[in-house]
Amino acid sequence: MPRRPGKLSRADMHRLYYYMLLTRRVEGQLTHLYRQGKVVGGVYSSLGQEAIAVGTAYALEPHDVLGPMIRDSGAMLVRGYRPRDFFLQYMARRDGPTNGRDANTHFGDVTRGVIAPISMLGELVPVLAGVALASKLRAESRVTLTYVGDGAISTTPFHEGMNFAAVQKLPLIVIAENNGWAYSTPVSRQMATSDIAKRAEAYGLPGAIVDGNDVVAVYEATVEAARRARQGDGPSLIEAKTMRMKGHAEHDPATYVPRELLEAWRKKDPILCFERSLIENKLMTPKEKAAIQDRVEATIHEDLDFAESSPLPSPEEAAQLVWA
Amino acid sequence: MGVKHKTIRPARTSRHDRSGGGEGSRSGAPLARSHDVSRARPLPAADTLLRMLYLLKLTREVEVRIERVLYRQGKIVGGVYVGRGQEAIGVASAIQLVEGDFVLPSHRDLSAYLARGIPLERVLLNWMGRADAPSRGRDNTLHFGDLNKGIIPIVSPLGDTCPVACGLALQFKLRGKRNVALVYFGEGATSRGDVHEAMNFAAVMKLPVIFICNNNGYAYSTPVQKQYAVKDLWRRGPAYGMPGESVDGNDVYAVYSAHQRAIERARKGEGPSFVECKTFRMTGHSAHDAAEYVPAALFKEWEDKDPITRLQSDLLQRRLMTPEALATLHESVRKEVDEAVARAEARPLPDGESANEGVYCGPDCWWGQTRSQAFDV
Amino acid sequence: MPILTHLEAIRQGIGEEMERDSSVFLLGEDIGVYGGAFKVTEGMLEKFGAERVIDTPISESAIVGAAVGAALVGMRPVVEMQFMDFIACAFDQIVNMAAKIHYRWGAKVPMVIRGPSGAGVHGGPYHSQSNEMWFVHTPGLKVVVPSTAYDAKGLIKAAIRDDNPVIFYEHKYLYRRVKDEVPLEDYVVPIGQAILRREGTDIAVITYGAMVWTALEAAAQLEKEGISLEVLDLRSLLPYDEEAILASVRKCSKVILLHEDTRIGGMAGELAAVIAEKAFDDLDGPIVRVTAPDTPVPFSPPLEDHFLPNARKLAEAARKLASY
Ligand SMILES: Cc1ncc(C[n+]2csc(CCOP(=O)(O)OP(=O)(O)O)c2C)c(N)n1
Ligand SMILES: Cc1ncc(C[n+]2csc(CCOP(=O)(O)OP(=O)(O)O)c2C)c(N)n1
Ligand SMILES: [Mg+2]
Ligand SMILES: [Mg+2]
C-alpha cells in the first residue's frame, strides 16, 4: 500500500522499482495469455509509461481515491490489487474482480480507493471531481486523482469536469498522459497546441509538465499537486510526456508510428533508466535488484497458476446484480 | 475604458494572443486596462455606421415590442429571451459578412438575424407561432434558420451549434471557398462540452470559425464566478491554439474591429479565433424573470454604457448625422416595426393536422417543395 | 392533512430527506439563489446552505458525473435538470457510467436525477419532451413518473433512499395544477408499484404521469355513457408492476395503453408485448394505444393540441373498443 508522501527513502525507491517491474511483468504475461487465446477481449499495455501510473499512485495517501484508465495497471497494483486480479479479469473468470462481467482494467473497489473506468474517454474526470466534492462537503482531507490520455482531453467530460472542479476548487488531480498517440491519431491531429498543460490556463488552473518516464519527477509533481489540493487550493493538471511503445492494443502493429521515434524513446525506458540511476547512485545493490526481480517473478507465477485454475462464471450469474 | 462614453475612440480593444497574458476582469466590472493594445484601424465607413445604427435601433424596437407588448398581450406564448443591451455584438460582427458566410446566433442575437437581412415579419411570425412562420409553428423564438441568408438557428441545448459551425466551415474548406462561420453563445454555454469539442476541432483543422462569446455577466441566475474560474475568458482561445481576445461588447467600434481581424484571418485560411464580448443582460433571463438576484447598481452602471446611446452620440458629435436625421430614423424604425407587427398579427395560426407533416425529408413534403435549391446538392 | 401542490410535495420530500440524512445534497443549474427554474428548490439554500445546495456551471455531463462520484463514496446527490430535455447532454454519464457500475463492479450509485418534463405549456420542441423511454431501455436505472402530489413526495423520498440511480420525471403541467392531501409524517411510495386510481369493469386504461388525469377525466365522461373505465397508474416505468397490469387486463378483458410520449418505442409497446405474452387468453379485443404521434413536440398551440393525447381522443378510442 502507498506510503506517506514526502522525501523518498531508499525503501520507497525499491518499492517504486518493484511496482514498475511488476506492472511490466503483469502486462507481459497478459500479452502471453492473449497470444495463447486465453484472454477474452483485447490487451492494452502501458509499456514505456509505467512510471506515470506508479509514480502518481505512490504519491497518494491511503485514504485518497484514484480512477485509473486503461494504461494505469501500475496504479492499481500500487493500490493493492494483485497480479491475479488482472489475470482473472482478462480471462473473464468468476473469481475476478468483476466476476467476469467486465473486461481489462475496468474494475475497482471503493474501499480500496479505486473507481473503475469505463471505456468512454474522459468520463472519470467529472466522477473523480464528484468524489472530491464529497470529501469537501464532509471536510475530509482526501485528494482524488484520475488520468486522461492526449486523446481524452478532446472530450466533453474532460472540459466540463475540469471547469466544474476549478469553480468548486475541488481537491482533484488530473494526470494527462501524453504518449503521442490516440490509437492511430498523433497529438498534432488531436490538438493545435504542443502542450496539454496549456489547457490548464483555460480553467484558471496551474498546469505542470513532467517527464513521464522519470518516476521520481512524476511522484514529486503529484506530491506537490496533492499538497495544494489538501490545503484547499483546488485542482491541478499535470502533463506527463511519454511515448506509447506498443500498438493501441495487442491487435495493432502500429505501422503508423515511425520506427525512429520508437528507437529514440526506447533509450528512455523508465524502468531501465530508474534501475541504472539507482545502481549508479548506490541506492540499490545488484543483490537487492535480483531479490526484487525474484519477488516479482514469484508473485507472477503464483498468481498465474491460481488464475488459470479458476473457473469461468456460470451463465445464470449474468442476470444478477443489475440493481443494488 | 471608462464607464461613461460620451465619445468613442476608434477601435480600442484588449487583444491577447498565444503569448499574451493580461490582468483583465470579469464581465460586470471595468475592462482590462493594463494590457490594452490599441490597434487603430480605419473606422467603418459612414454608411456602414449609419446602417449599424439602424440595425441596432430596429433590434431594440422589435424586442421591446416582443417582450413588453406582444408577450403581455398573450400573442406570444412560451419563453421570451431578448438581447437588450447586447445588440452591438450581433450587428457589428454579422454586418461584415458576405454572401455564403454563415451566422449561428445565440438566443439573444436577433441583431445578427436582422444584420443578415431577415425580414422583420418573418421573425414575428415565428415568435407568434403562425402558420406561415419560417418554422410553421413547430418551433418558437429565434429557432428558425434560413440557408439562403446564411443563418443556422440555435437549439435550446446551449453550445450545440458550435460543432455545427465547424461542419459549415469544413465545407468551405473542402470546397475551396473563402467563407466564414460566426457562432455566438453566452458565457454560460462555455461550460458545455460541445463548445470545448468544437473549439479544439476548429483549431486542429484550422477552420474558418469565429467563436463569439456574449459575456453578459449572468447565465440565468448564475453569475460568472460560479461559471468559470479563469480570470478572463479570452484565455480559452490560446488554450486551444487560437487567438483569444476580449472586447467591450457595448462598443460598436471595438466589436467591429475585433471581428474584422478575426474574419480576415479566417478568410486567409489561418484558422479560428475566439472573441469574448463583454456586455450585460439588461433584462431578466426571460420575460417572466424579475432578476432580483442582479444587484440594481449593475443595471444602472450598464445603462450608462448602452451601445445605441454611445453610437448615436458619437455620430452626432462627429457630425455624421444630424439630430433631425436621428429623430427621423427613430420614427421610421417605429413605423417599420408597427407595420411588421400588424402584418404578422393578421396571419392565421396553423392547422392542428399539419403537425404531422415534415418529420422526414421527402419529395412531397411541404418543406421539400418550398426549400431553397441553393444548398441542395 | 395539509393540501400541497405537486411541486410543493416534491420540495417537501426532498427537504425531509435532507433533514434526516446529511449525505443528501443538491446539484444543478440555478437551484440555489434562484430556487430552480420552476422554484422546486426554493428556500433550500437558506435552509441547508451553499454546501448542500450547489449552483453549477452549465455542464450537464459534469453535474451527473460528479453526482456519480459523490454517490460512490456514500453521498446521496439529487441532481436537477433545468428541463428534462437537457438530460440528453448528460447521456453518456447516465447510460454508460451510472447505470452499469453496480453490474460491472458491484459499487452502489445512490443518486437521483429529477426535473420537469412533458408538454402542454407551449414550450416547443426543447422544453416539452417526454423522453423517459431513453432510460427505460437502460438496465441498471430506475425510472419513476408520479401523477399526484402524495405520490410525488412518497416517490422522491423512495428515490433518494434507493441505492440505484433513479430518473425522476416531474410533469411540469402538474406542478401547480394538481393538489392533494400530503401527510406530514414520514412515508415512502415504493418504486415499482402501480396503483388503481379508479376501479372499472369494461376497459383497463394503463397510463402514467399527467395522462392519469386525462384518463380520469375521460372515465368520468364515459361513465355517463355506460362505459366503465378502470384507470391504473403505473408510477414506476422501470421496474414496472407487471402483476397489477395483468390483474387489470384480466378483470376488464380490454385494455388501452395511454401515454404522452410518442408511439414507436413508447412504453405502450412494451406493455402490449407483456400483455400479449401473458394475458392473451384474457383479451376480448385488440390492445389499443393512445399516444402522441411520432413527431417532435410542436410549439404553436393548435399544433401542440393536435400532438397531445387528451380525454376526447381517449374517449373516442374507448367507445370504439367497447363496441368491439
Ligand atoms: C469517447 C470514446 N471515443 C472513442 C473511444 C475508442 N478509443 C479507445 S482508446 C482510444 C484512443 C485513446 O487515446 P488516448 O486518450 O491518447 O489514450 P492512450 O490510448 O494513448 O493511452 C480510442 C479512440 C473511446 N474509448 N471513447
Ligand atoms: C444544455 C442546457 N442546459 C440548460 C439550459 C437552460 N438554460 C437556458 S438559457 C440558460 C442560461 C444561458 O446563459 P448564457 O449561456 O450565459 O447565455 P445568456 O442567456 O446569458 O445570453 C440556461 C441555463 C439550456 N438551454 N441548455
Ligand atoms: Mg495517447
Ligand atoms: Mg450569459
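In table form, for the structure just shown:
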{"read-out": "Cα point-scatterer Debye curve for the protein assembly as shown, base-10 log of I(q)/I(0) at q = 0.04, 0.09, 0.10 Å⁻¹", "value": "-0.22, -1.08, -1.27"}
{"read-out": "The range C:3-181: C-alpha gyration tensor shape, a/c 1.5 cut-off, then a/b vs b/c", "value": "rounded"}
{"read-out": "With eigenvalues of the C-alpha gyration tensor scaled by 5 and rooted, the range B:217-372, Å", "value": "34, 28, 23"}
{"read-out": "Bridge type composition, the protein assembly as shown - antiparallel percent by DSSP, nearest 5", "value": "20"}
{"read-out": "Within chain A, helix-based [θ] at 222 nm, where runs of 4 or more DSSP H residues each add -39,500 (n - 2.57), nearest 500", "value": "-13500 deg cm²/dmol"}
{"read-out": "Peptide B:226-235, shielding by other chains (average Cβ, 10 Å cutoff)", "value": "6"}
{"read-out": "Cut-off 13 Å between beta-carbons: net charge of the residues surrounding B:Tyr81, Lys and Arg +1, Asp and Glu -1", "value": "-1"}
{"read-out": "Alpha-carbon centroid distance for the pair the range A:222-289 / the range C:113-168, whole angstrom", "value": "47"}
{"read-out": "Approximate spin-label separation A:Asp233-C:Asn96, in nm, with each point projected 7 Å along Cα-to-Cβ", "value": "3.4"}
{"read-out": "Mean accessible surface per residue for the range C:3-181, computed with a 1.4 Å probe while every protein chain stays in place, in Å²", "value": "25"}
{"read-out": "Accessible solvent surface per residue of the range C:195-322, calculated while the other protein chains remain in place, 1.4 angstrom probe, Å²", "value": "38"}
{"read-out": "The range A:10-311, accessible area per residue, ligands and nucleic acids excluded (1.4 Å, Å²)", "value": "34"}
{"read-out": "Chain lengthening between B:Asp47 and B:Asp304 when straightened (0.36 nm per residue, less Cα-Cα)", "value": "90.0 nm"}
{"read-out": "Accessible area buried between chains A and C, both sides summed, probe 1.4 Å, in Å² to nearest 100", "value": "3200"}
{"read-out": "Overall form of the range C:195-322 per C-alpha gyration tensor (a/c, 1.5; a/b vs b/c)", "value": "oblate"}
{"read-out": "Hypothetical label at A:Glu308: residues of the range A:27-56 whose amide nitrogen lies under 15 Å (7 Å Cα-Cβ projection)", "value": "A:29-39"}
{"read-out": "Efficiency of FRET between C:Leu184 and B:Tyr360 - r from beta-carbon atoms, R0 45 angstrom, step 0.05", "value": "0.30"}
{"read-out": "Of all DSSP beta bridges in chain B, antiparallel share, percent nearest 5", "value": "30"}
{"read-out": "Cα pair distances exceeding 27 angstrom across chain A, given as percent", "value": "42"}
{"read-out": "For A:Ala176, net neighbour charge (Lys/Arg +1, Asp/Glu -1) across residues whose Cβ lies under 11 Å away", "value": "-1"}
{"read-out": "Placed amide H near C:Asp30: partners under 5 Å, 5+ positions off or other chain", "value": "C:Thr56"}
{"read-out": "Relative contact order for the range C:3-181, counting Cα pairs under 8 Å that sit 6 or more residues apart, in percent", "value": "28"}
{"read-out": "Percent of beta bridges antiparallel (DSSP, the range C:195-322, rounded to nearest 5)", "value": "20"}
{"read-out": "Protein-protein interface of the range C:80-114, residues with accessible area decrease of at least 30 Å², isolated chain reference, 1.4 Å probe", "value": "C:Phe86, C:Cys89, C:Asp92, C:Gln93, C:Asn96, C:Met97, C:His102, C:Tyr103, C:Arg104, C:Trp105"}
{"read-out": "In range of the label at B:Leu316: residues from the range B:281-307 whose backbone nitrogen is under 18 Å from the point 7 Å along Cα→Cβ", "value": "B:303-307"}
{"read-out": "B:Val64/C:Asp305 FRET efficiency (R0 41 Å; Cβ-Cβ; nearest 0.05)", "value": "0.85"}
{"read-out": "Label point at B:Gln225 placed 7 Å out along Cα→Cβ; residues across the range C:39-72 whose backbone nitrogen lies under 16 Å", "value": "C:50-51, C:55-57"}
{"read-out": "Chains C and B, summed buried accessible surface - 1.4 Å probe, Å², nearest 100", "value": "2700"}
{"read-out": "Separation of alpha-carbon centers, the range C:201-238 and the range B:141-209, rounded to whole Å", "value": "47"}
{"read-out": "Farthest toward positive dipole pole in chain A [+1 Lys/Arg, -1 Asp/Glu at C-beta], among A:Gly108, A:Gly74, A:Gly234", "value": "A:Gly234"}
{"read-out": "Förster-model FRET efficiency, 56 Å R0, B:Glu353 and C:Asp282, C-beta, rounded to 0.05", "value": "0.95"}
{"read-out": "With every protein chain in place, the protein assembly as shown: carbon and sulfur % of accessible area (1.4 Å)", "value": "53"}
{"read-out": "Furthest towards positive pole of dipole, A:His63, C:Gln82, C:Val40, structure part the protein assembly as shown, Cβ charges", "value": "A:His63"}
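The values are calculated or read from the model by the stated rules, or taken from the named source; none is laboratory data. Just so we're clear, the structure is a prediction, and the values are computed from it rather than from any experiment. FYI the Cβ positions are ideal-geometry reconstructions off the backbone, even for glycines, and counts take in every protein chain you see. Ligands, DNA and RNA are stripped out before the accessible areas are found, and what is left, the full protein with its side chains, is counted by its heavy atoms. Shrake-Rupley method; radii C 1.70, N 1.55, O 1.52, S 1.80 Å.
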